[in-house]
Every structure is written in C-alpha cells, then in structure tokens.
Amino acid sequence: MKSLLALTLAVTSFTTFAFDRSTTLDLTNVYGNNNAGLYDVIVEFAPKTTLSESSLTEELVYDDGYVNCKTSASFDIGEMRLTLITKKDGYTKSYTKKVVATVTQTSPSEKCIATLETLSGAQVTYSSLGINSITLPVKAPLNYKKVEANLAPFSGFLRLNTEIKTVNGKLVVNPSDLLTEANVLELNANHANLSYYVQATGEAGSLSLASGLAPLE
C-alpha cells in the first residue's frame, strides 16, 4: 500500500525525495466517542541541491532576571511534504514545509561571543517540522465548526550532524546529503514517530479531542 501511494504521488511531483516514512493515523474513537477519521500519512524529505549560506544573527534572551546572548545561523536545507489520505474515500491533501537547519550558541552574559569560527566545523543543527491547523475532512462535534490537527513528524524536530564551512565571510552548508535516511536516523531514530494533537474549533473556543504518537515506518 505504501509503495502504491508513493507512486501515485510521484506522478504529480517534480521533486526528488531522498526518503519517506508513513504511518496510519487512527482517529476513529476520539474524545466523546467522536469519529475524526482514519488516515494514511506519508512524510517525504527532499534535500536542497545547491549550497546554502547564512550570516550570524544575535538575540538577547531574558530568563528569570538574567540576560544572555543567543547567536544563531540558519540554513535552508530542503523541503518536507506531508500527505494525508483518508482510508474511507481516498481524499488526499498535501502540505509542504521548508526545512531550515539552525545552529546556536548562547553566552552566559549579554555580551555576544560567538563568531563564524565558533559556529563552523562539525555541528549539530536543529530543524522544526511541525505543521499546524490542518483541517480534517470530517464533521465537527456539537456546535464547533471544524476539526483541526497539528501534526509533527519526528515529534516535531530533527537533529542533524552538519558540516559548516566559512567562505568569504559567510557560513556555508552543502545540504545535499543532510536529509538522507542514514543521516536523519543517525540522531533521530529514537523519536521516529508522528506526534498529533486534534481539536474541534469554533467561535466559542476549542475542544481537545485526541493526542498521541503514531510510529513512522
């Protein structure tokens, strides 16, 4: 089933995906004995094939009376596509998100001490993966208007081993090998799941329906 769905999606896509994972999202018995549907979810990653560069950004962080300086560099490394397919009627909707890898260093005072050199070399970068406010194709319970899901592959983040170089006053990353199966699973195999939170929303507010984890295979 997984290979058939991936083939169907590939017909309409011009993006080369490095690898994919899929899961079944069972929302047939959520809070209040409501049925929010049964879905196949496919998550695909496509690496950026050209170099990505970044300057340094600095931000003062206030925490419990203390002021620290956080220095960051962020790199566009590719794209994630999440596709939701209903088991009932085959309704299909895809969502894409740019994957940005960020490396940070925080100083113990408000004086920023990070430099291009301290953020270059072998680093572990972090990428946010969550996709929020996905409207599900089901009738909302009670007087609510719609049912929404927040879906987060790999529990919402990736840690990636990343080689950062300094070139002409910029930090540079070659992202072509970052979103491969081997590199992603090296640091993220222990949270290879789809985190989900489902709620009904309307003018009166929101009603939590379900939350949990579904394994990505």
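The values are calculated or read from the model by the stated rules, or taken from the named source; none is laboratory data. These numbers come from a predicted model, not from an experiment. A quick note on method: Cβ atoms are made from the backbone with ideal geometry, for glycine too, and the neighbour counts reach across all protein chains shown. SASA here: full protein model, heavy atoms, side chains in, ligands and nucleic acids out. Shrake-Rupley method; radii C 1.70, N 1.55, O 1.52, S 1.80 Å.
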Practice task
May I ask for the distance between the Cα centers of the stretch 85-120 and the stretch 171-214, given as a whole number of Å?
Solution key: 12
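Over all pairs of distinct alpha carbons, what does the Kirkwood formula give as the hydrodynamic radius of the stretch 90-147, in Å? Let's see the in-between values first.
Values: mean 1/r = 0.0618 Å⁻¹.
That comes to 16.2 Å for the stretch 90-147.
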Fill in the blank from the handout: Distance in nm between N190 and T24 label points, each 7 Å along Cα→Cβ, equals 2.9
Fill in the blank from the handout: Cα-Cα longer than 28 Å, checked against K70/K93; K93/K139; K48/K139; K70/K98; K48/K145, kept in input order, equals K70/K93; K48/K139; K48/K145
Fill in the blank from the handout: So the angle from the long Cα axis of helix 2-11 to the longest Cα principal axis of the chain, reported in degrees to the nearest 10, equals 70
Practice task
Divide by every residue of the chain the summed helix terms, -39500 (n - 2.57) for each DSSP H run of at least 4, and state the resulting mean residue ellipticity at 222 nm, rounded to the nearest 500 deg cm²/dmol.
Solution key: -2500 deg cm²/dmol
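Using the heavy atoms of the protein chains alone and a 1.4 angstrom probe, what is the accessible area of the chain per residue in square angstrom?
54
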Problem - For the chain, size of Cβ-based charge dipole, Lys and Arg +1, Asp and Glu -1, in debye - result: 620
Practice task
For volume of the Cα convex hull per residue in Å³, several values are listed as [x] 108; [y] 151; [z] 135; flag the one computed from this structure.
Solution key: [y]
Problem - Bins of 5 Å from zero: percent of alpha-carbon pairs in the stretch 104-217 - result: 2, 10, 15, 14, 12, 12, 11, 9, 8, 5, 2, 0
